[in-house]
Amino acid sequence: MTHATRPILALGFSLVVLAACQGGRQVRNDEYGTDSARELTLRQTGSNPTSSGIVVFGVDRSREAQGGGGGGTGPNAGGGGMTVNAYLWRATLDTLSFMPLASADPFGGVIITDWYSPAQADGERFKATAYVIGRQLRSDGVRVQVFRQVNRNGVWVDAAASTATNSEMEDRVLARARELRSQSAGR
């Protein structure tokens, strides 16, 4: 190898290294305020963006070490990047779909809706936060907290929401998750 080809090879190697270091698509915060955020979340794949591990050949080794990745089949198999039960996640999104979506974190299992005013409840609005917990489809795998406000003299004031509403929402999510699982098993 001549001295003239060494700088060219070094430059070529540097370009390959720089290209490999290029980050993924940046997502703006304002994108999560739209209805398309629900579809974006459902299609989302890849490694956990909060992971600080090194990705080698498309596999996040720090994620595998935590038990989040790896082989297997089914809704929670590696590659999808979700650390929660896929049936519960989808069922929660489906159940809360009548409310506008504020944010959804499939890695942390948290779904937050924006305020929703039903037509039949004049002067009231509701907001929900759902927590999908764990990777198994279990009755304690989802928690829903509903918040309520009433309009008093043009000002929204916090009011107590019925605890039965929380339980009813959780039951609906679980029923939908079971339905999704049975549909998946029937294929």
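See the values below:
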quantity: Protection-proxy order for peptides 121-127, 173-179, each taking the mean of Cβ atoms within 10 Å per residue, highest first; calculated: 173-179, 121-127
quantity: Residues of the stretch 99-133 with amide N under 19 Å of the 7 Å Cα→Cβ point at A159; calculated: 114-129
quantity: Gained length - E124 relative to S103, 0.36 nm times residue gap less alpha-carbon distance; calculated: 5.4 nm
quantity: Alpha-carbon centroid distance for the pair the stretch 105-151 / the stretch 156-170, whole angstrom; calculated: 10 Å
quantity: Inter-label distance, nm, simple model (7 Å from Cα along the C-beta direction), Q183/Y131; calculated: 2.8 nm
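Computed from the coordinates by the stated procedures, all read-outs in this text should not be read as laboratory data. Fair warning: this is a prediction, and the values are worked out from it, not measured in the lab. Cβ atoms come from the backbone with ideal geometry, glycine included; neighbour counts cover every protein chain shown.
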